[in-house]
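Take a look at the structure set out below.
The values are calculated or read from the model by the stated rules, or taken from the named source; none is laboratory data. The structure presented is a predicted model; accordingly, all values stated were derived computationally and were not measured. As a convention, Cβ positions derive from the backbone with ideal geometry for all residues, glycine included, and neighbour counts pool all protein chains shown. Side chains are part of the model used for accessible areas, which takes the heavy atoms of the whole protein and leaves out ligands, DNA and RNA. Shrake-Rupley method; radii C 1.70, N 1.55, O 1.52, S 1.80 Å.
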Amino acid sequence: MTDADLAFREEAKAWLAANVPREPQPEDGVAMREFDMAWQARQYEGGWAGISWPVEYGGRALSSLRQMIWHEEYARAGGPKIGTGFVGVNDAGPTLMLHGTEEQKRKHLPRILRGEEVWAQGYSEPGAGSDLAAMSTAGVVDGDDIVITGEKIWTSYADISDFQELLVRTNPDAPKHQGITWLICPLDPRPPGLTVEPIQTLSGPRHLCRVVYDEVRLPLTCVVGEIDGGWHVVSSSLYLKRGTGRIADQVSLARAVEDLLATARLPGSGGRAPAIEDDEIAHRLATARAEVAALRAMTYAELSRVDRNGTPGAEGSLGRIFHGELGQRVRLLAMDVLGPDALQMVGRADGQRDWVQEYLWSFTETIGGGTSDIQRSVIGERVLGLPRDR
Amino acid sequence: MDLLPDARQEALAARARSLVAEADAPVLWDRWAENGWFDGGDGSTLVDHALRFRELGRALVPGPYLATVLARRLVAAVGAVESGVELEAAAVVAALAVPCSPVSVTAVDGSPAGARLRGRLRVLDGTGATHVLLVTPTGAALIEADALPAGDATRCLDPQVALTALTAADVPAALWMGGGDLFTDAAVLAAACASGIAEATLRASTDFAKTREQFGKPIGAFQAVKHRCADMAIRAEAAWCQTAYAALCVDAERSDAAFQAHTAKVVAGDAAIRNASANIQNHGAVGCTVENDAHLFLKRAWVLEEVCGARREHLSALLDLPAPE
Ligand SMILES: Cc1cc2nc3c(=O)[nH]c(=O)nc-3n(C[C@H](O)[C@H](O)[C@H](O)COP(=O)(O)OP(=O)(O)OC[C@H]3O[C@@H](n4cnc5c(N)ncnc54)[C@H](O)[C@@H]3O)c2cc1C
């Protein structure tokens, strides 16, 4: 790390200390959108959005190391989860940079950075989850238009998004990976024939949506990449999407462990003895501290790989599963630390942690974005070279 | 911080690996000595030592490598603080002591030679050792082998380790250094051996899963086996990344070095035992016999778990330290 990098870190730290919003982030709906976009706009004005994005699209074209430093300091400062900005900044943006037309890039990229556009990801379907390539929502080309009929599900924040990354099947006769097309589908205002229905999650918020398309007609200019080339668009930018953001996830989990430790040292409600006085709890807390430290070392190793090879390779799955399952162990431990207090959900007001809500949400960590079972097969096949099972 | 080995370290590890593969036990020991790898006289960092201990762990090399490297680090460290103790590092071959119950070490007058030792110990690989090394979180003591009673030879869980039980009634230490520095080094190097075991058993399982066929296909095509192998890979990755990181922190004299070392010992120790266990399961009946090395990995993993501070000690220490930055 050079002196300039260190100076950058100090600058980031100071800006974050002065600007991170102190009010709690709303957990769904329009209020969450407004909160997230206002915060994104503030980061943009401060020069902290799109640190490694090209200048012509509103970025600063700095190194991925600088981007990593920013994520690390952001998490240390307790910055809010990226929330409704996630798909735009981490997925749609990088995807358009790689595959979009110049017009698509100029239209969307600066607005994503400025906090003026929310994106959702319409990949999963009722019949296609882990086996995403089995998706069947139809896209029929009709002159200069494409007509879409079918159903997507689990589309996070579709109810309050402006655009959706949409996968449709344009060639039902081709092998399953070869007949898929990647589209930009507007969600606000809703095109005729498109309906969105939020579904409540187990921890309370309602942001996983069902999106139904009944002969929705879009111009062909919304196609990204080639017709029938959508699978390539999905898979070629996979890494860019998460990128250096992993460091922030690691720092947040480390914070969670330290917060839990602090909670465990305090007396429980009704004057119960501090949870840490129980040997078993104490050892699990110490183990969590050790494991979260090991996660940091794994994250550094992953970033070193990216630095050398431009990609983390399939080895990225090693850290992902370790992280997801460690996150679950920490939240389960939180339930045991709380004991009878675990029955009460306190909500996120006053900057307090709601461990119960975190515990419930932790179940999604080994499901969303590819289940841990699928990731294990990826490790077995692509890291260890075992025969394929799918 | 770059956690992947650089070209020099790659070469160093490759050299250790090929030596380990070629030479039989006594020859290997001599070669290690000729190369100066016991002393770090070639300017070895703890990372360098860790890379070599990873290879020793991988190949299940027997012998008192760990204690000897640590003992010579102790001599060098105490020498550096003007002990007035006459002890030539290169002449020290040390055996590792594991306290059976709390062993009391009383520093008589604060000088490096002034400590006395009382308690029951188990000594590993004592044959031919000039000294016995006791490493604890509060200090490290080097005791002349001749100053200790012969003790009772017992059978070690690991057939490649000689084990003696003895009681030190009131034995003077040849050298004593207070503080936890050597304990930190010891934890990192034991973790490096354990990482080697976690990696070797992963390798053994994947190789076997690609060739052993049942129901007309390699067993690695079955998810139950494949996913067990994937879990082994995750644990091996966590073990080595953390060990390398801890060694880097020690070399850089970072304030969280001890924290990272405790973590390495806990995480790598766990990876070694769990991977060695899964490796037996993956092999079926042959894994339950001595026809195969699977049992040796498990047994060595347990030895490593108990030396240089057991899990319980490292976990307690972890709770008492501030979290790293
Ligand atoms: C919080 C959250 C947010 C999400 N957001 C989005 C979003 O914005 N956009 C979007 O498109 N999708 C989203 N998803 C959906 C997500 O991508 C899918 O849930 C995921 O791909 C798994 O699909 P599924 O739920 O249909 O489970 P299934 O694929 O039906 O799996 C059910 C079970 O079977 C196992 N299984 C399936 N196949 C195999 C196999 N070959 N080997 C072993 N086990 C197998 C799975 O591991 C799982 O345990 C989200 C999911 C969650 C939880």
Checking the cross-link filter: which lysines have an alpha carbon closer than 28 Å to that of residue A:152, excluding same-chain neighbours under 8 positions apart?
A:81, A:105, A:107, A:176, A:241
In Å², nearest 10: area of residue B:283 left accessible to a 1.4 Å probe
20 Å²
Magnitude of the Cβ-charge dipole (Lys and Arg +1, Asp and Glu -1) of the range B:181-320 about the Cα centre, nearest 20 debye, reported as 700 debye
Tell me, in nm to one decimal, what length is gained between residue A:259 and residue A:140 on full extension, where the rule is 0.36 nm per residue of separation less the Cα-Cα distance?
37.6 nm
Through the Karplus equation 6.51 cos²θ - 1.76 cosθ + 1.60, θ set to phi - 60°, convert the phi angles of the range A:192-199 into ³J(HN,Hα) values in whole Hz; use x for Gly and Pro.
x, x, 10, 10, 10, 9, x, 10
Counting each DSSP H run of 4 or more residues in chain B as -39500 (n - 2.57), what helix-only mean residue ellipticity at 222 nm follows after dividing by all residues, to the nearest 500 deg cm²/dmol?
-17000 deg cm²/dmol
Take peptide B:210-217, look around each residue's Cβ out to 10 angstrom, count Cβ atoms belonging to other protein chains, and average those counts.
1
Please list, ordered by chain and number, the residues whose modelled amide H lies under 5 Å from the amide H of residue B:87; skip anything fewer than 5 residues away on the same chain.
none
For the range B:180-314, dividing by residue count, accessible area per residue (probe 1.4 Å) in Å² works out to 34 Å²
Shape call for the range A:120-228 from the C-alpha gyration tensor, a ≥ b ≥ c root eigenvalues: rounded (a/c under 1.5), prolate (a/b greater than b/c) or oblate?
oblate
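Hey, got the dipole for the protein assembly as shown? About the Cα centre, +1 on K and R Cβ, -1 on D and E Cβ, debye to the nearest 20?
800 debye
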Spacing of the two label points (7 Å from each Cα toward its C-beta) at residue A:7 and residue B:2, in nm:
2.4 nm
Can you name the helices of chain A, as whole DSSP H runs, whose Cα span along the helix axis is 20 Å or more and whose Kyte-Doolittle mean is not below -0.5?
A:3-19, A:245-265, A:279-309, A:316-338
Between residue A:98 and residue B:316, how many nm apart are label points set 7 Å from Cα along the C-beta direction?
5.2 nm
Residues with amide H under 5 Å from that of residue A:145, placed H, sequence gap 5 or more
A:220
Judged on accessible area alone, 1.4 Å probe, highest first, A:159, A:5 line up as A:159, A:5
Amide H of residue A:194 versus every other amide H placed in the peptide plane: which residues, excluding those fewer than 5 positions away on the same chain, fall under 5 Å?
A:214
Spin-label pair residue A:278/residue B:120, simplified geometry with 7 Å Cα→Cβ offset, distance in nm:
3.3 nm
Not counting ligands, DNA or RNA, and with a 1.4 Å probe, what is residue A:255's accessible surface area in Å² rounded to the nearest 10?
90 Å²
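Roll a 1.4 angstrom probe over the protein heavy atoms and tell me the percent of accessible area of the range A:179-316 that is carbon or sulfur.
53 percent
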Between the residues B:289, A:257, B:70, the Cα farthest towards the positive end of the dipole of the protein assembly as shown, that dipole coming from +1 and -1 charges on the beta-carbon of Lys, Arg, Asp and Glu, is from B:289
Ranking request for peptides B:65-75, A:21-31, A:145-155, B:289-299: highest mean number of other beta-carbon atoms within 10 Å first, then the rest in descending order.
B:65-75, A:145-155, B:289-299, A:21-31
For the modelled label position 7 Å from the Cα of residue B:35 along Cα-to-Cβ, which residues of the range B:3-28 have backbone nitrogen atoms closer than 15 Å?
B:8-28
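Contour minus end-to-end for residue A:116 and residue A:371, with contour as 0.36 nm per residue of separation and end-to-end as the Cα-Cα distance?
Taking 0.36 nm per residue and subtracting the Cα distance, the gain is 88.6 nm.
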Just to check I understand the Karplus step: with θ = phi - 60° and J = 6.51 cos²θ - 1.76 cosθ + 1.60, what whole-Hz values come out for the range B:98-105, glycine and proline as x?
10, x, 7, 9, x, 9, 8, 10
Give the average, rounded to an integer, of partner chain Cβ atoms located within 10 angstrom of each Cβ in B:238-248.
5
Along the charge dipole of the range B:181-320, pointing to its positive end and built from +1/-1 on Cβ of Lys, Arg, Asp and Glu, which listed residue (B:308, B:298, B:264) has its Cα farthest out?
B:298
For residue A:281, solvent-accessible area (1.4 Å; no DNA, RNA or ligand), Å²:
10 Å²
Sort A:366-377, A:258-269, A:312-323 by the packing proxy (mean of other Cβ within 10 Å over each peptide's residues), most packed first.
A:312-323, A:366-377, A:258-269
What lysines sit close enough to residue B:226 to cross-link, taking a C-alpha to C-alpha distance under 19 Å and skipping anything fewer than 8 places away on the same chain?
B:210, B:217
Summing -39500 (n - 2.57) over every DSSP H run of at least 4 residues in chain A and dividing by its residue count gives a helix-only mean residue ellipticity at 222 nm, to the nearest 500 deg cm²/dmol, of -14000 deg cm²/dmol
May I ask you to list the lysines whose Cα is less than 26 Å away from that of residue B:265, ignoring any residue fewer than eight positions away on the same chain?
B:299
Which of B:232, A:335, A:1 is most accessible, then next, and so on - probe 1.4 Å:
A:1, A:335, B:232
Take peptide A:279-290, look around each residue's Cβ out to 10 angstrom, count Cβ atoms belonging to other protein chains, and average those counts.
5
Candidate residues A:103, A:280: accessible-area rank, largest first, probe 1.4 Å:
A:103, A:280
